Amino acid sequence: MLTRAPAEPTIREFEAEVTGVDGREVTLDRTYFYAESGGQPADKGTLGDVPVEDVQTDAETESVVHTLESEPDLSEGDRVTGVVDDEFRTYCMRAHTASHVLYGAGREVLSDLGYGGFDISPEKVRVDFATSTDIDDETLVELERLVNRTVWDSRGVSWEEVPTEEALDRAEVAFNTKTEEGVMDDADTVRLVTVDGWDVAACGGTHVSNTAEIGPVTVLGRSNPGEGLTRVEFAVGEAGVDRRATVHRAALDAARELETGVENVGEAAASLRGDNERLEGKVRELESELLGNRIAGFETVTKEEATWRVGVLDGFDANRAGEAAKSAAGEADGADVVAVVGAGESPYVVVAADGDSGVHAGDVVESVTDEFGGGGGGGPPFAQGGGLDADPVDVTAFLRAV
């Protein structure tokens with residue numbers, strides 16, 4: 001005997017006869033506890049006032065096994081009262097039905113749609129879509145809108161057993177034999193759950209009788225779980241309400257800071273980002289000009305017919321200094337070789353050499369790191385090293401003399 005929960009999901013208390021006791025495991029002649037399957041977790045509650053820890057189906061005996069938190073004072077043949085946790089069951093009914101509504105929304109906006117998985121957790125629910133459509137932010141918003149519109153429309157939800165061949169012949173029926181355990185299972189009939197005018201799917205879970213009972217649904221985001229699937233996560237109940245309030249508060253905060261209305265936050269943010277990018281570009285130009293001027297002010301020294309500019313630079317990292325050194329090396333009014341030593345707790349050195357200078361920048365950096373520690377490397381036109389254990393002034397003196 002399997003659970004009656006899917007067929008009669010509103011029953012929360014029942015009496016049954018104990019058909020077996022094995023330690024903490026109890027079987028009954030009938031049960032309204034939902035056994036974990038198809039992505040829906042097992043019901044919570046009590047059996048004879050003992051908390052139920054887990055509920056599973058034993059396929060070999062075709063029975064439902066209730067695992068209790070402690071060994072019960074029960075024997076075969078006893079009558080016992082089972083109480084299903086109302087809050088958790090109601091949540092699962094709403095969440096499971098919401099997943100059907102979401103799939104129905106997917107039928108409206110996603111191409112080449114397939115069902116790849118489903119799962120309920122206390123904080124969120126997820127549905128895995130197999131689709132060729134890129135589920136971007138706009139698509140997520142539209143999915144959420146369609147789901148909540150369907151909730152508002154108060155569509156009826158019903159379930160029935162139909163012959164398996166008939167169900168398989170109906171193109172509109174969504175099947176997922178991987179996660180909907182027991183739905184097919186070589187049975188003569190298949191249980192179909194129908195959201196009136198919206199969705200029909202083979203499913204063995206518990207559901208509400210009207211979409212209005214689901215309440216608000218909040219889409220949380222999407223991810224890629226692999227296998228060509230896109231995972232959409234959403235929240236119902238308290239988690240959904242709290243998330244929506246958080247997002248609304250953030251939108252109001254952003255609108256206030258941007259001095260615009262909530263409906264214009266995206267446009268204002270895009271405009272601000274454009275302004276920032278232009279300012280960042282201008283700052284980079286000014287920094288490059290400043291770096292060039294500083295390098296131009298470095299002391300020059302001539303070694304083996306090559307003119308070097310060597311000096312200490314403060315306030316810029318090795319990458320920026322390196323780019324500036326490359327630009328300065330070989331300029332008509334500049335030097336053949338530019339060597340920059342960065343000031344700070346851990347000095348760096350960058351060397352850029354013009355191709356006609358006869359100087360190998362990598363060899364210069366290697367001589368510096370041999371002398372002052374650290375590490376680095378590079379080729380003839382450019383090299384850099386870091387972690388020098390020396391005063392930058394001593395490094396520049398070495399470079400002028402080497």
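Just so you know, the averaged projected area of the alpha carbon convex hull for region 45-107 sits at 6.2 nm².
Converting the Cα gyration tensor eigenvalues of region 237-283 into ellipsoid dimensions via √(5λ) gives semi-axes, longest first, of 29, 11, 7 Å.
If you take the Cα centroid of region 229-268 and the Cα centroid of region 304-318, the two points sit 51 Å apart. A Gaussian network model of the chain, with springs between Cα atoms under 10 Å, assigns the largest mean-square fluctuation among 224, 210, 176 to 224. On the beta carbon distance between residue 278 and residue 242, with R0 = 41 Å, the FRET formula returns roughly 0.60.
Calculated from the structure at hand, percent of Cα pairs over 27 Å apart is found among (i) 61; (ii) 52; (iii) 66 as (iii).
Accessible surface ranking for 135, 11, 1.4 angstrom probe, highest first: 11, 135.
Values of log10 I(q)/I(0) for region 278-402 across q = 0.23 Å⁻¹ run -1.37, by the Debye formula with one identical scatterer at each alpha carbon and no solvent.
Only helices enter the 222 nm calculation for the chain: every DSSP H run of n ≥ 4 contributes -39,500 (n - 2.57), and dividing by all residues gives -11000 deg cm²/dmol, rounded to 500. Taking 0.36 nm per residue of separation and subtracting the Cα-Cα distance, full extension of the segment from residue 312 to residue 130 would add 59.7 nm.
Rg/Rh, computed from the Cα trace of region 222-318 with Rh as the Kirkwood radius, has the value 1.33. Within the full protein context, the accessible area of residue 73 is estimated at about 150 Å² for a probe radius of 1.4 Å. With N the number of residues in region 1-100, Rg(Cα) / (2.2 N^0.38 Å) evaluates to 1.01. Rolling a 1.4 Å probe over the protein heavy atoms leaves residue 356 with an accessible area of roughly 140 Å².
Using a probe of 1.4 Å on the protein chains alone, the accessible area found for residue 120 is around 10 Å².
Of the residues 67, 57, the one with the largest accessible area comes first in the ranking 57, 67, computed with a 1.4 Å probe on protein heavy atoms. Rounded to the nearest whole angstrom, the semi-axes of the ellipsoid equivalent to region 151-299, taken from the Cα gyration tensor as √(5λ), stand at 55, 23, 12, largest first. Other residues with beta-carbon under 15 Å from the beta-carbon of residue 235 carry, at +1 per Lys or Arg and -1 per Asp or Glu, a net charge of +1.
Here the alpha carbons of region 103-215 define both size measures, Rg and Dmax, at 14.3, 42 Å. For residue 347, the shell of other residues with beta-carbons less than 9 Å away shows a net charge of -3, using +1 for Lys and Arg and -1 for Asp and Glu. Converting phi to 3J(HN,Hα) with the Karplus coefficients 6.51, -1.76 and 1.60 and the offset θ = phi - 60°, region 140-147 yields 4, 4, 5, 4, 4, 4, 5, 4 Hz in sequence order, with x at every glycine or proline.
In the chain, what percent of the accessible surface is made up of carbon and sulfur (1.4 Å probe, ligands and nucleic acids excluded)?
The nonpolar share, carbon plus sulfur, comes to 45 percent.
Between residue 288 and residue 170, the modelled labels are 6.6 nm apart [label points 7 Å from Cα along Cα→Cβ].
Which net charge results for the neighbourhood of residue 92, defined as the other residues with beta-carbon distances under 12 angstrom from its beta-carbon, given Lys and Arg at +1 and Asp and Glu at -1?
Numbers: positive: 44, 89, 94; negative: 36, 43, 85, 86, 87, 119.
My count for the surroundings of residue 92 gives -3.
How high is the FRET efficiency from residue 109 to residue 153, r the C-beta distance, R0 25 Å, rounded to 0.05? Once rounded, the FRET efficiency stands at 0.90.
For the pair residue 305 and residue 346, what calculated FRET efficiency results from E = 1/(1 + (r/R0)^6), where r is the Cβ-Cβ distance and R0 = 35 Å, to the nearest 0.05?
Once rounded, the FRET efficiency stands at 0.55.
Distance between the modelled labels on residue 296 and residue 75, one decimal in nanometres: 10.3 nm (7 Å Cα→Cβ projection). Taking 353, 250, 42 as the candidate residues, the one with maximal mean-square fluctuation in a Gaussian network model of the chain, Cα springs under 10 Å, is 353.
The values are calculated or read from the model by the stated rules, or taken from the named source; none is laboratory data. The shown structure was predicted, so the numbers you read here are calculated from the model rather than taken from an experiment. Counting neighbours? That spans all protein chains shown, and the Cβs are built from the backbone with ideal geometry, glycine included. Please note that ligands, DNA and RNA were not included when accessible areas were found on the heavy atoms of the full protein model with its side chains. Shrake-Rupley method; radii C 1.70, N 1.55, O 1.52, S 1.80 Å.
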